[in-house]
Amino acid sequence: GSMSDSKADKPPGDRLRALLAGCGLESYAEGFRTHGVSWEVLLEIEDWAAIKDAGSAAGMKVGEVMKLYVALKRAREGQDAAAGAGGEDDGYGYGYALDEAPAAADEPSSWMFIYFKHLFTPFDYVVPFDHRTEFRHKLVRSHGGAKVRDIFKQVCDNWILAFSLVFNTIVGMWGLIPEDSMADTERLVWEVLMTFASFTSFAAVILFCLFSMNMSMVSDANMKAYMVVVEGAWVLVETYILFSTYATLFSLGFLGYLRMRELVPALGFVMMPFVAISYLVLFFLLATAINYICYVPIHGGLIREKRVGARVENCHGALSPAEVERQERSVRAAVLSEFGSYHNKKATKN
């Protein structure tokens, strides 16, 4: 028989499981069964609010309910729902056609709220995501050898440039302290910070230069093997980066405090908490943005070849603002769905 005949022969429970599996949501099949929601019941629901309520009862996030909503709509239209709104590349990745992705009014729109809802871990503020093993392993295992070399050579070149500038900044900053108004303890703290910040930044530049040179020698077929074997040395250079970054940031704040205190000695006791609180807020925003930017391609599904969400057209004014907004809504819905899946996996693992 045909594919449609084989689907028709499946028991309703199997059809529901197949639909959910095609959307990457098979883990929720038991939740629907527990709440008495069958294949026939779901297929008859056309209202978005009712679908959202059924999905929420089964434990789904809003983005995941959107996937289910689209798959059910296509199933009702006789399309291949078990393909998870995929099949041939129609430009919509997860199958969110321009008019199919419902607005998620209760889903956070701010990038910061999205980060804290789906991605945040306290460890992000100690070791940012792009410096962790998970990030590196995802990159190595998501591409071929040539692409892996391009990515990591670009990483090396960027860090060489960045920490060459950091090293020059540290050396130039070293003599800017107001020595006459400093206590011996403050001077000692400053000298220790400058010494270790300069060494770690210089060491990072040397190691990244060596990595870049050696990556040029390795064949495409063995590039992944090279990254596996040198992982320990890569962790060392990442540690140098973090130490130099934190020491330099702290030194900038410490230097600012010393110079402000010298300018207005009577307000020295006010300057300390002011600089400390301001610096903590700025560091919090910086670290949050760094982690969010690095989480998006890895856990938002954007590292894969398959397009996520609607095709973002080169409209050149041909699309109306409403059409542009529908495209962007589709992309946001698809990426949020990926974040929701990652959040659920993380919660299950914990």
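The values are calculated or read from the model by the stated rules, or taken from the named source; none is laboratory data. Model, not experiment: these values are computed from the prediction. Positions of Cβ are backbone-derived with ideal geometry, glycine not excepted, and every protein chain shown enters the neighbour counts. Remember, those area values only see protein heavy atoms, side chains included, never the ligands or the DNA or RNA. Shrake-Rupley method; radii C 1.70, N 1.55, O 1.52, S 1.80 Å.
Seen from all sides and averaged, what is the projected area of the convex hull of the Cα atoms in segment 121-317, in nm²?
Result: a mean projected hull area of 15.5 nm².
Report the net charge of residues surrounding V127, where surrounding means a beta-carbon distance below 14 angstrom and charges are Lys +1, Arg +1, Asp -1, Glu -1. Each step should come with its number before you reach the end.
Values: positive: R132, R136; negative: D124, D130, E134, E238.
In short, -2.
Could you sort D180, D14 by accessible area so the largest value comes first, with the probe set to 1.4 Å?
D180, D14
Can you pull the percent of segment 187-276's accessible area that's carbon plus sulfur, 1.4 Å probe, other chains left in place?
Here it works out to 79 percent.
Residues of segment 121-317: accessible area per residue at 1.4 Å, in Å²?
Heavy-atom accessible area per residue stands at 54 Å².
With a 1.4 Å probe and all protein chains in place, put I45, I290 in order of accessible area, largest first.
From most accessible down to least: I290, I45.
Under 15 Å from a point placed 7 Å out from the Cα of A57 along the Cα-to-Cβ direction: which residues of segment 19-44 have their backbone N that close?
29-44
Roll a 1.4 Å probe over the protein heavy atoms and report the accessible area of R33 in Å², nearest 10.
150
Filter the cross-link list K67/K117; K61/K306; K52/K138; K67/K224; K73/K117 down to pairs whose alpha-carbon distance in this structure exceeds 26 Å. Numbers along the way, then the final one.
Values: K67/K117 19 Å; K61/K306 22 Å; K52/K138 32 Å; K67/K224 34 Å; K73/K117 28 Å.
Correct reply: K52/K138; K67/K224; K73/K117.
Starting from the Cα-Cα distance between A225 and S320, subtract it from 0.36 nm times their residue separation and give me the gain in nm to one decimal. List each step's numbers first, then the result.
Values: separation 95, 0.36 × 95 = 34.20 nm, distance 4.90 nm.
So the chain would gain 29.3 nm between A225 and S320.
Tell me the carbon and sulfur percent of the accessible area for segment 138-182, rounded to whole percent, probe radius 1.4 Å.
Carbon with sulfur: 58 percent of the solvent-accessible area.
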